[in-house]
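Engineer: I'd like to ask you about the structure that follows.
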Amino acid sequence: MAEHLARISPVTDLGMIALRGDLAAIADAAGMAAPDRTGIATDGPRSLAWMSPDEALLILPAPQTPEAVEALTLALDGQHALVADVSDARAVFDVIGPGAADVIAKLAPVDAAAMPQGHLRRTRMAQVATAIWRIEGGFRVIGFRSTGDYLGLILRNAAIAGSGLAPR
Amino acid sequence: MTHVPPFRLPRGGRLIDRSDQLGFRFDGRHLRGLRGDTLASALLANGQMMMGRSFKYHRPRGPVASGAEEPNALLGLGQGGRFEPNQRATTTALVPGMVTRSQNCWPSLDADIGAVNDWLSPLLPAGFYYKTFIHPRPFWKHVFEPVIRRSAGLGKAPTDPDPDLYEQAYGFADVVVVGGGIAGLQAARDAAAGGGSVTVLEQSPHWGGRTPIDHAGGQDAIDALLTDLRAMPGVTLRRNCMATGLYDHGYLIAREALADHDPNQGIPRQRLWRIRAGRVITATGALERPLSFACNDVPGVMLASAMRDFIDLHGVAPGQRIVVVTNNDDAYRTALIAADAGLDVAAIVDARPQATGDLPQAVRDRGIEVLTGSAIAKVKGRRHVEAVAICDQDGEGKITRTVECDAVAMSGGWSPVVHLYSHCGGKLTWDDAQALFRPDPDRPPLGADGQGIAQAVGAANGDLCCAGDLERPEGATMPVWVMPARAPHKLRAKMWLDYQNDVKVTDVELAAREGYASVEHTKRYTTLGMATDQGKLSNINGLAVLSGALDQPIPATGTTTFRPPYTPLTLATIAADARGEAFQPLRKTPMHGWHEAKGASWEPVGHWRRPYAYPQGAEDREAAVAREILAVRKGVGTLDASTLGKIVVKGPDAGRFMDMMYTNMMSTLKVGRCRYGLMCNENGFLMDDGVVARLSDDTWLCHTTTGGADRIHAHMEDWLQCEWWDWKVFTANLTEQYAQIAVAGPQARTLLERLNGSIDLSADALPFMAWAEGDLAGIPARIFRISFSGELSFEIAVPAARGLELWEKLHDAGADLGITPYGTEAMHVMRAEKGFIMIGDETDGTIIPQDLGLDWAISKKKADYIGKRAQRRLHMVDGTRWKLVGLQSLDGQVLPDGAYAATDQVNANGQRVTEGRVTSSYRSPTLDRPVAMGLVRHGPARMGQVLEFPMPSGAVMKARIVDPVFYDKEGSRLNG
């Protein structure tokens, strides 16, 4: 039996903090470069993603989250901003393998193969909202916790061996 | 002459592998074909010309075409869950072990009882059903329709679930070329030369279309193009992929066959492509038209192009002796290919007065007789062709001679495949010189920028000789819509236009006489073009006949509408992966697995599954609900409330915003306190409710109903982004960040205090409608002292990942207190006992808070809130609006939910005038009697009066109007 198009693995050690406010101020408070529109800027273990003109998402190792929430809240004190820990609201999967782009292309209305590094796409996969960006060897997909089982199932279904999108 | 059935030629057949024999079954018979065969060619090779029966008259039918346009050779394919009806034998590749069966015949294809319809055909003209079965009126529904339905339809629907896999994929390309014939491949090469991505879709497994068959050197030309294309970057060549529809904005749907009829591969059977194309080039070729002569449907009469396909591609001959009938030069190619294959070509019957071109000359050079100005008066034979009777085309059908033959190759000219071009608005123009509709380049389907998104090339554009240097000059086609030109009724009544639906020339003419001047009406009246082939062969001939009958030019008649899909798509392909567990995303709370393990009986709430109740042992749901309620009222219970919406609203203008969102005053809520709030839409109607907690000076937390979380968040953002864009307010939907557990019952505090937390839960420290933050059992928690059950109650929010941990700790610690998980139904009943309203029960989108006696939750001080002005409309302040009351059933029976109270009066329609309805109704385990709420005209002013609720059975239930609070009116239980 041929290999699956990609390995689908749940990721459970990520923290995520939703930040609303002035993006430059948020980046400043996070000590990160401000991401470009639709971009995701990575610095060491942390990434800061552009979610909307007034919303960013800080992605970091889970154990650092409570401290980061506190620090960001403090740093943004006095400004119009909102800091919320959303780590537990999410389900995260890594899609790694040579056919990873095919798996994404079966589920999201996105030109996955052409998606550049450093770009975060807010989209949907089949019937659920997701965000997708490139990581080493494939893609990282975040969705909502309540539909995590569904997201894992459709990703595995899309990755079945022999179902690559290359013309046959 | 002895009739020769179809057979495999000793040589030839470019697609078949004679060394690889494949066994298959047809109507139970074991047959053998070759790898590379289609089902049609394999059946022909086995001498089987008859492959089905027509829909209405059950006439014997063989394949008339060799491709997607085939109307006759439709088979039932596969077994069990893989059975598929109406599969075209001409486009289905033969797979070893295939099981096929003929359709629309009983008891068998050879001896079909329904064929009696054919003898009755003079009695079954167009509109027969409409005219015959209209009287007496009730008979249609009860007698005629059931009988007709049983005999209608071609194949039978499968009864088992389809076990195959299907999937979809999204594609993107600057240019998509549909059709891998010579025109498509050339267009793709041109497009790719300009850079950008180019995708070529070919519906068949082979590239080149007709070119390799029709032109010497054709295959070499195609191979050269493919070599070029494969070397170009950005080019994708995809076979077995049929473009089924083109939609707005260059959205192209295509179906790729991956493992059709071959489940052993273990991969998805078909894939639905959803392609965003910058530009679409339709190189979809053209379809040959039949000629309308009498008995043009006898098995063995086929399109000239189809006959040479079978000979050239599959090495299959339709018979030994062939007659070609045509109005153009192209069909002469069939004579040449047949002669090359060693078959006898008895004659060419050419309707044109002369045929002097290159191809006719080449045929004459072979010694084949060419009869110009001639026509077929009639095909002789019933199950197979025995002979053709020849007459003058310009006449009434007087037979001049008879030519014996086994098969007839006919060509009435060609029609460009304009479907995709037309699907999203491209217009056609009538090409008088070639007698065909082709895409009008000045009126293409338009994109968002007003530019055309589709362009037709090659034969699809009416350029029938598009193979460049490979072409030989051809003489003009002469339009022939009826053969012979002045055929009498008797002949026209046997000229088939639509083979599958048995529509003949006389049917269309009858429709015209009966006033069906519009081609769309004629189509529906006669069923012309309404079969599974959607008129691919019959449309042009039919509308030409209609034009003749209406005595108007063809473009004045126009075409019917081309609609996707081009050929039928199996529903499974459209559903793709969305089946079984992946049918719909199920939302699960952090405690979902626990509920499942405890045997929860589920209730769908939006996409969530919530425990309705937890039946134990032999207990039914009703008993479980009663047990759960009593456990809460007497001890303590837990409810998984994680699905409730939790939206944070923060900012300098958040107070002002909250005052607009809710009918209550929320800006004055003190930090640390909670308030029950109502949300209305602009029309004043109640849309959601929930408890609001003030978290800090500039932050509020809004709880919404389970179904309302996303909707209310969107509602808030809508107002903030579109109306109050200058207000400094941010919102965040944190619904899934927290698990929330309601702990309710007189023992609730006792239980929580056992868990060792940092929060003082005493009534003084945490009074009703207060909240506090800290930790509980080592878990960071926010505890709200709110109650939807009327009992002492705490709702505890913890990070979702720790929800199950807290839930289990509660159950461990509360075992001796009789802690009981309760479901949504217990919650519903308990709130009804307390007279609390429920969004969706007491409200239905037409209810304002004032109807529900919630005036106390509507601020009189605020200048405005969403819905305020609407609630001042005359109808909203009308004193006769139905208002909320309690209803006490007089006989101890539970009132049916939704039952209407009726007065003695009768309205203009003879119906009883209603004066109220039941909105919630339960048997209360707490009170051991029914409780109900309802909306009643002047309700609150009519306490003690008795209402009558007529039942469908004729019985009348009676209920007294009472206060809606049935239990603990003083609210003393809130404090435990």
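Engineer: When the dipole is taken about the Cα centre of the range B:737-864, and only Lys, Arg (+1) and Asp, Glu (-1) are charged at their Cβ, what size is it in debye, to the nearest 20?
Structural biologist: Around 320 debye, computed over the range B:737-864.
Engineer: I need the chymotrypsin sites (Phe, Trp or Tyr not before Pro) found in the range B:547-642, filtered to DSSP loop residues with at most 15 other beta carbons within 10 Å of theirs. Write out the running numbers ahead of the final one.
Structural biologist: Values: sites: B:562, B:566, B:583, B:594, B:602, B:608, B:612; in loops: B:562, B:566, B:583.
Of the chymotrypsin sites (Phe, Trp or Tyr not before Pro), the ones in loops of the range B:547-642 whose Cβ has at most 15 other Cβ atoms within 10 Å are B:583.
Engineer: For chain A, how big is Rg over Rh, using alpha carbon atoms and the Kirkwood form of Rh?
Structural biologist: 1.01
Engineer: OK, next. With all pairs of different alpha carbon atoms counted, what Kirkwood hydrodynamic radius in Å does the range A:14-87 show?
Structural biologist: Over the range A:14-87, the inverse of the mean reciprocal pair distance is 11.7 Å.
Engineer: Note down the relative contact order for the range A:14-87 as a percent, whole number, built from C-alpha pairs under 8 angstrom at least six residues apart.
Structural biologist: The value is 43 percent.
Engineer: Over chain B, what relative contact order in percent results from Cα pairs under 8 Å that are six or more residues apart?
Structural biologist: Values: 2336 pairs, mean separation 83.2, N = 976.
It comes to 9 percent, rounded to a whole number.
Engineer: How large is the charge dipole for the protein assembly as shown, taken about the Cα centre, if only the Cβ atoms of Lys, Arg (+1) and Asp, Glu (-1) carry charge, to the nearest 20 debye?
Structural biologist: 2500
Engineer: Using every Cα-Cα pair within chain B, state what percent have a distance larger than 48 Å.
Structural biologist: Of all Cα-Cα pairs in chain B, 47 percent lie more than 48 Å apart.
Engineer: Follow-up. At R0 = 56 Å, how high is the FRET efficiency between residue B:111 and residue B:603 if r is their beta carbon distance? Nearest 0.05 is fine.
Structural biologist: The pair residue B:111/residue B:603 has a calculated efficiency of 0.50.
Engineer: Could you order peptides A:61-73, B:180-192 by the average number of other Cβ atoms within 10 Å of their residues, highest first?
Structural biologist: Working: A:61-73: 15.2, B:180-192: 24.5.
Highest mean packing first, the order is B:180-192, A:61-73.
Engineer: So, one more: Using 0.36 nm per residue of separation minus the Cα-Cα distance, give me the extension gain between residue B:943 and residue B:231 in nm, one decimal.
Structural biologist: Values: separation 712, 0.36 × 712 = 256.32 nm, distance 8.72 nm.
Difference between extended and current length: 247.6 nm.
Engineer: Okay, moving on. Measuring from label point to label point, each 7 Å out along Cα→Cβ, what is the residue B:448 to residue B:174 span in nm?
Structural biologist: That separation, rounded to one decimal, is 1.9 nm.
Engineer: So what is the diffusion coefficient of the range B:294-399 in µm² per second by Stokes-Einstein at 10 °C and 1.306 mPa s, using a Kirkwood Rh over Cα pairs? All intermediate terms of the calculation are to be shown ahead of the outcome.
Structural biologist: Values: Rh = 13.9 Å.
Approximately 115 µm²/s, per Stokes-Einstein.
Engineer: Distance from a point 7 Å along Cα→Cβ of residue B:773 to each backbone N in the range B:644-682: keep the residues under 18 Å and list them by number.
Structural biologist: B:646-652, B:654-655, B:669-675
Engineer: Still on this structure, I have one more. Taking a ≥ b ≥ c as the square roots of the Cα gyration tensor eigenvalues, with a/c under 1.5 meaning rounded and otherwise prolate when a/b beats b/c, else oblate, which class fits the range B:841-974?
Structural biologist: Taking the square roots of the gyration eigenvalues as a ≥ b ≥ c, the range B:841-974 is oblate.
Engineer: Ranking request for peptides A:94-103, A:111-120: highest mean number of other beta-carbon atoms within 10 Å first, then the rest in descending order.
Structural biologist: Averaged packing, sorted descending, gives the order A:94-103, A:111-120.
Engineer: With r as the distance between the Cβ atoms of residue B:131 and residue B:762 and R0 = 51 Å, compute the FRET efficiency 1/(1 + (r/R0)^6) and round to 0.05.
Structural biologist: 0.05
Engineer: If you find the alpha carbon centre of the range B:422-475 and of the range B:504-534, how far apart are they in angstrom?
Structural biologist: Going from one Cα centre to the other spans 26 Å.
Engineer: Just rank A:128, B:918, B:545, fewest to most, by other beta-carbon atoms within 10 angstrom.
Structural biologist: Neighbour counts put them in this order, fewest first: A:128, B:918, B:545.
Engineer: Right, something else. For A:103-111, what's the mean count of beta carbons from other chains sitting within 10 Å of each residue's beta carbon?
Structural biologist: 4
Engineer: Based on other C-beta atoms within 10 Å, arrange B:538, B:787, B:197 from fewest to most.
Structural biologist: Going from least to most buried by this count: B:197, B:787, B:538.
Engineer: Based on DSSP H runs of at least 4 residues, each adding -39500 (n - 2.57), what is the mean residue ellipticity at 222 nm of chain A after dividing by all its residues, to the nearest 500 deg cm²/dmol? Provide the component values of the computation, followed by the final result.
Structural biologist: Numbers: 4 runs with 38 residues, N = 168.
-6500 deg cm²/dmol, from helical runs alone.
Engineer: What is the sum of charges, Lys and Arg at +1 and Asp and Glu at -1, for the other residues whose Cβ falls under 14 Å from the Cβ of residue B:899?
Structural biologist: -2
Engineer: For the range B:906-921, list residues with backbone N below 16 Å from a point placed 7 Å from the Cα of residue B:897 toward its Cβ?
Structural biologist: So the set is B:917-921.
Engineer: Over the range B:1-139, what is the mean sequence separation of C-alpha contacts under 8 Å (at least six apart), divided by residue count, expressed as relative contact order in percent?
Structural biologist: 23
Engineer: I would also like to ask the following. With a point put 7 Å past each Cα toward its Cβ, work out how far residue B:578 is from residue B:721 in nm, to one decimal.
Structural biologist: 2.3
Engineer: Given the peptides B:469-475, B:383-389, arrange them by the average over their residues of other C-beta atoms within 10 Å, most packed first.
Structural biologist: B:383-389, B:469-475
Engineer: Which distance in Å, rounded to a whole number, links the C-alpha centroids of the range B:567-618 and the range B:1-80?
Structural biologist: So the separation of the two Cα centres works out to 45 Å.
Engineer: To continue, here is another question. Take residue B:514 and residue B:714, extend 7 Å from each Cα along the Cα→Cβ direction, and tell me the distance between the two endpoints in nm.
Structural biologist: The modelled label-to-label distance comes out at 4.8 nm.
Engineer: What average count of beta carbons from other chains do you get within 10 Å of the Cβ of residues in B:726-738?
Structural biologist: 5
Engineer: While we're on this one: Just to be sure I understand: of the beta bridges DSSP finds with both ends in chain B, what percent are antiparallel, rounded to 5? Show your work: numbers first, answer last.
Structural biologist: Numbers: 127 of 173 bridges.
Here the share of antiparallel DSSP bridges comes out near 75 percent.
Engineer: Only counting other Cβ atoms within 10 Å, I'd like B:883, B:646, B:380 sorted with the fewest neighbours first.
Structural biologist: Going from sparsest to densest Cβ surroundings: B:380, B:883, B:646.
Engineer: Still on this structure, I have one more. Over all alpha-carbon pairs in the protein assembly as shown, figure out the percentage whose distance exceeds 55 Å. If you can, show how the numbers build up before the last one.
Structural biologist: Numbers: 247149 of 653796 pairs.
Beyond 55 Å sits 38 percent of the P(r) for the protein assembly as shown.
Engineer: Please give the length that would be gained between residue B:490 and residue B:874 if that part of the chain were fully extended, namely 0.36 nm times their separation in residues minus their C-alpha to C-alpha distance (nm, one decimal).
Structural biologist: 131.0 nm
Engineer: At a Förster distance of 22 Å, what's the computed FRET efficiency of residue A:70 paired with residue A:135, Cβ-Cβ distance as r, to 0.05? Could the numbers behind the result be given before it?
Structural biologist: Values: r = 28 Å, r/R0 = 1.26.
E(calc), rounded to 0.05, equals 0.20.
Engineer: Please compute the length gained on full extension between residue B:140 and residue B:431, using 0.36 nm multiplied by the number of residues separating them and subtracting their Cα-Cα distance.
Structural biologist: In short, 100.3 nm is gained.
Taken together, the values in this text are just the output of simple stated rules run on the coordinates, not laboratory data. Just so we're clear, the structure is a prediction, and the values are computed from it rather than from any experiment. All Cβ positions, glycine included, derive from the backbone under ideal geometry; neighbour counts span all protein chains shown.
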